1. Taking the dipole about the Cα centre of the chain, with the C-beta of Lys and Arg at +1 and of Asp and Glu at -1, give me whichever of Phe244, Ala180, Ser378 is farthest to the positive side.
2. Please give the peptides 131-141, 409-419, 6-16 ranked by average Cβ packing (other Cβ atoms within 10 Å per residue), highest first, as a rough proxy for protection.
3. Normalised radius of gyration for the stretch 1-109, please: alpha carbon Rg relative to 2.2 N^0.38 Å, two decimal places.
4. Could you pull out every residue, at least 5 positions away or on a different chain, whose amide H is within less than 5 Å of the one on Leu497? Hs are placed 1.01 Å off N in the peptide plane, and Pro or chain starts have none.
5. Report, in whole Å, the centroid distance computed from the Cα atoms of the stretch 170-205 and the stretch 223-237.
6. Between Lys299 and Ser506, what FRET efficiency comes out of the Förster formula 1/(1 + (r/R0)^6) with R0 = 51 Å and r the beta carbon distance, rounded to 0.05?
7. Hey, quick one: spin label on Arg104, modelled 7 Å out along Cα-Cβ, who in the stretch 121-158 has an amide N within reach, i.e. under 18 Å?
8. Over the chain, what percent of the accessible surface lies on carbon and sulfur atoms, probe 1.4 Å?
Amino acid sequence: MTASGPRIALLGFSIECNRFAPPATQRDFDTRCWLAGEAIVADARGPAPKALGEMPGFVAGMDAAGPWQPRPILLAMAEPNGPVEQPVFDRMMATWRAGLEALRGEVEGAYAVLHGAGLATALDDPEGALQALVREVLGDIPFVCSYDLHANVSDAMVRDCDAFVGYRTNPHLDMRERGAESAQLLRRLLAGEKAHRALVRLPIVAPTVSMLTAAGPYAEVIDLGQELAALDPAIWNVSVMGGFAYGDTPFNGMAVVVTAADQESADSMAERLARAAWARRDRFVAELTPLRVATRRAKDSPVPLAFADVADNPGGGGRGNTMHILASFLAAGVEGCLMGVIHDPMLAGEAHRLGVGARFTARFNRPQGTLTAEDEFSRPLEAEAEVVALSDGRVTGRRGIFAGTAMTLGATAALRLGGITVVVISIRTQCADPAFLEHLGLDIGAARCVVVKSRGHFRGGFDEFFTPDRIVEVDAPGLTSPILTRFAWTKLPRPVLPIDPDAHWSPAR
Ligand SMILES: [Zn+2]
């Protein structure tokens with residue numbers, strides 16, 4: 001059988017970068033998802049992909065719509081972290097450039113999986129740079145890009161593609177669907193249809209916890225966008241991008257991006273939704289529970305509760321190792337508590353050497369070498385502990401954003417510290433999936449309380465145990481605190497809500 005159908009370049013770069021966190025290295029990509037050439041398509045079609053859902057959804061969508069010929073280059077994804085070390089990003093760019101140049105004149109279209117809140121240490125807009133590279137090398141061929149809902153949308157991201165597709169759910173449960181939608185839009189472009197895009201950015205840097213999509217102001221704007229799009233055949237896609245405050249870029253701010261058959265439809269829809277978001281501006285605020293109140297509830301609550309350590313979320317660049325909640329709960333004698341997942345390779349390794357049943361003094365966050373800025377939050381803690389379970393940390397996600405994804409937590413240990421069982425891992429990951437605790441034999445349903453190092457994605461994984469009214473967002477210090485006045489911003493556009501009450505915006509039309 002000879003191959004037929006359009007030849008499509010495939011590439012991707014996905015990492016959410018917190019300006020205040022230590023730099024991301026090649027190892028961050030190697031340990032999560034580094035796929036080159038044919039491995040991208042094999043992974044996407046496999047039973048438990050390493051890649052998050054966009055590429056598997058795109059490949060399935062293309063497969064379902066008829067013959068095509070993938071031309072995969074490089075897909076690099078990592079757990080959120082600080083800005084990518086510049087030489088690491090430069091090497092990726094060289095790989096994409098070489099791959100694209102080899103395909104020049106051969107491919108009819110391109111698809112890129114992007115996050116939109118990436119940074120390199122000397123570059124504020126790596127996604128925009130990659131998109132410009134695709135245009136430079138491949139020229140004006142159909143090009144679709146998909147983005148995380150936390151994208152900080154630059155002008156280049158909207159200029160250098162034909163269709164812009166952003167997630168609509170937070171927690172992100174629609175990654176596969178948005179990949180499949182990207183395939184549909186690319187097919188339309190390949191058939192000769194033309195698309196236009198509009199971008200309206202607002203001076204609102206919404207705290208992470210105010211951007212859930214089940215309910216609240218952000219949900220209302222997203223839902224309105226989908227309702228209006230369904231009524232207007234000219235609209236291809238409406239994406240309301242919440243942004244990621246800690247990227248700290250000049251183009252931070254909630255952004256509406258519309259792809260449509262004509263410019264007027266795109267412009268008016270983007271404007272209309274921007275007005276809807278602006279009208280709700282006073283509601284994009286963080287309302288957290290003080291740690292002292294959270295501790296009391298952990299002791300006294302008649303019903304089981306989930307406590308989210310939103311300020312130390314590895315899914316936003318947090319180190320996953322701050323001790324504020326653990327120290328407070330230990331001091332108060334909280335019982336029946338599961339806590340995870342804490343990133344401490346040295347402690348996990350020690351537990352593995354000692355073995356199940358061993359009792360020892362667990363020393364969290366032992367200082368290693370030169371102290372770095374992250375130590376401001378990642379303080380040491382010592383407590384008597386018993387090793388209750390061990391694993392190699394290989395887990396397939398069960399529910400939520402990691403469902404069906406092959407994950408590696410590295411050497412993992414469950415340690416009992418009084419009434420609290422703490423899961424310690426060796427590869428920094430946010431606690432978004434119950435399997436991270438369950439694979440060690442821990443029973444979430446039997447716990448009186450669960451503490452997760454996660455801002456909000458745990459809601460998609462732990463929803464079988466905790467309804468939204470049983471979730472407590474705790475105010476503790478950390479690199480991903482939703483209290484935005486605590487950060488020394490350098491590039492954020494000012495004034496901006498909710499940091500500066502005098503921020504203003506008026507529609508262009
Ligand atoms: Zn996100």
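1. Of Phe244, Ala180, Ser378, it is Ser378.
2. 6-16, 409-419, 131-141
3. 1.15
4. Result for Leu497 returns Ile204, Val205.
5. Each part reduced to its Cα centre gives a spacing of 12 Å.
6. 0.55
7. 130-142
8. Ligands and nucleic acids excluded, carbon and sulfur give 52 percent.
The values are calculated or read from the model by the stated rules, or taken from the named source; none is laboratory data. Every value quoted in this text rests on a predicted model; they were computed, and no experiment measured them. Cβ atoms come from the backbone with ideal geometry, glycine included; neighbour counts cover every protein chain shown. To get the accessible areas, we keep the full protein, side chains included, count just its heavy atoms, and leave off ligands, DNA and RNA. Shrake-Rupley method; radii C 1.70, N 1.55, O 1.52, S 1.80 Å.
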